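J.: Pasting in a structure now, in structure tokens, and then I'll have a few things to ask.
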Amino acid sequence: MSDEPDHYFTANPASAAERRTLAVRLAGRDVEVEVASGIFSPGRLDLGTQVLLRTVPPLGDVLAARSAGSASDSTGAHVLDLGCGWGPVALTMALDAPDATVWAVDVNERALDLVRRNAERLGLTGVRAVTPDAVPDDVAFAALWSNPPIRVGKEALHGMLLRWLPRLAPGAVAHLVVQRNLGADSLQRWLVEHLEPAMPGVVVGRAASAKGFRVLEVTAPGA
């Protein structure tokens, strides 16, 4: 999640003097989190993330529906926040589904440190804030939510999406929020064209459109 590409490259964790608290509402609860400069939207819950979180169904319901009638349950579910920033999406996932493992992935060490601090502050023990290479290769995701870093450039963004979207579990759904004027519609067309070879039968659509943002929906093949 970023308006500037430099937010996505390694930054040192914020010092105590740099960190400050921010009151936000996540998963229907009023909470306080720690933020700092040098990350995306340190002063507020950005509009795109607000649109995303209003669009996605509660994660607990998603995981319960996936586990109904199967041998698995939500306790063993893994979910992904791709480009986590200070963690509003990952924290919402963990508040909605406290038994799931929430992977909060970013390349910015300052952001990851804040996510860890915020998860501890809120008592969310299932959050794993890590760099991309620290996620085990055998983990498949029951859900993926992301406000992806559009401004890092098409090549980097496309590589990121082709790396992570094929790791959706069968039938799982990814939701991506993208500004319309930053290429949401062209990205949707690109996903339709380029995901099929890696995910035969994938379905790409639009879940919502609001406040100048599109929420794209990618459904993995399989039941």
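The values are calculated or read from the model by the stated rules, or taken from the named source; none is laboratory data. None of the values given here were measured: they were computed from a predicted structure. Backbone-built Cβ (ideal geometry, glycine too); neighbour counts: all protein chains shown.
J.: Can you name the residue in the range 72-114 that is in contact with a strand residue (DSSP E or B) (Cβ under 8 Å, 6 or more places away or on another chain), over 24 Å from GLU32 (Cβ atoms) and of a type in the set (A, V, I, L, M, F, W, C) and, of all such residues, is surrounded by the most Cβ atoms within 10 Å (Cβ to Cβ)?
T.: Across the range 72-114, the extreme among qualifying residues is LEU80.
J.: Let me ask another. Could you figure out which of (1) over 17 Å from the mean Cα position of the chain (by Cα); (2) farther than 25 Å from ARG214 by Cβ; (3) in a loop (DSSP other than H, G, I, E, B) isn't true of VAL139?
T.: (1)
J.: Name the residues in the range 165-183 that are surrounded by fewer than 21 Cβ atoms within 10 Å (Cβ to Cβ) and assigned to a helix (DSSP H, G or I), would you?
T.: Passing the criteria: PRO166, ARG167, ARG180, ASN181, LEU182.
J.: Right, another one. Which of the residues that make up the range 115-152 are among the β-branched types (Val, Ile, Thr) and touching a strand residue (DSSP E or B) at 6+ places or on another chain (Cβ under 9 Å)?
T.: Looking only at the range 115-152, we keep the residues that are among the β-branched types (Val, Ile, Thr), and these are 115, 125, 127, 130-131, 135, 139, 150, 152.
Scanning the range 115-152 gives VAL115, VAL127, VAL130, THR131, VAL135, VAL139, ILE150.
J.: A follow-up question, please. For the structure I just gave you, tell me whether SER209 is surrounded by fewer than 16 Cβ atoms within 10 Å (Cβ to Cβ) and part of a strand (DSSP E or B).
T.: yes
J.: Can I ask one more? Does LEU195 satisfy the condition of being over 18 Å from the mean Cα position of the chain (by Cα), surrounded by 14 or more Cβ atoms within 10 Å (Cβ to Cβ) and among the aliphatic types (A, V, I, L, M)? If you could, list the steps in order and put the result at the bottom.
T.: Values: over 18 Å from the mean Cα position of the chain (by Cα): yes; surrounded by 14 or more Cβ atoms within 10 Å (Cβ to Cβ): yes; among the aliphatic types (A, V, I, L, M): yes.
Yes; evaluated as a whole, the condition is true for this residue.
J.: A further question follows. Hey, any hits in the range 195-203 for a residue that's in a loop (DSSP other than H, G, I, E, B), in contact with a helix residue (DSSP H, G or I) (Cβ under 9 Å, 6 or more places away or on another chain) and at pLDDT 95 or above? I'd like the intermediate steps shown before the answer.
T.: Looking only at the range 195-203, we keep the residues that are in a loop (DSSP other than H, G, I, E, B), and these are 196-202.
Subset that is in contact with a helix residue (DSSP H, G or I) (Cβ under 9 Å, 6 or more places away or on another chain): 198-199, 202.
Pick out the ones that are also at pLDDT 95 or above and you get 199, 202.
Yes, the range 195-203 contains a residue that is in a loop (DSSP other than H, G, I, E, B), in contact with a helix residue (DSSP H, G or I) (Cβ under 9 Å, 6 or more places away or on another chain) and at pLDDT 95 or above.
J.: Of all residues in the range 4-26, which are assigned to a loop (DSSP other than H, G, I, E, B), at pLDDT below 90 and surrounded by 14 or more Cβ atoms within 10 Å (Cβ to Cβ)?
T.: The answer is ALA11, and nothing else.
J.: ALA156 is checked against (1) buried (at least 18 other Cβ atoms within 10 Å of the Cβ); (2) modelled with pLDDT under 95 and fails just one. What number does that condition carry?
T.: (1)
J.: Would you call ASP113 more than 22 Å from ASP46 (Cβ to Cβ), over 15 Å from the mean Cα position of the chain (by Cα) and modelled with pLDDT of 95 or more? Let's see the steps before the verdict.
T.: On the way: more than 22 Å from ASP46 (Cβ to Cβ): no; over 15 Å from the mean Cα position of the chain (by Cα): yes; modelled with pLDDT of 95 or more: yes.
Criteria not met by ASP113.
J.: Just wondering, is there one or more residues in the range 144-157 that are more than 15 Å from PHE40 (Cβ to Cβ) and in a loop (DSSP other than H, G, I, E, B)?
T.: yes
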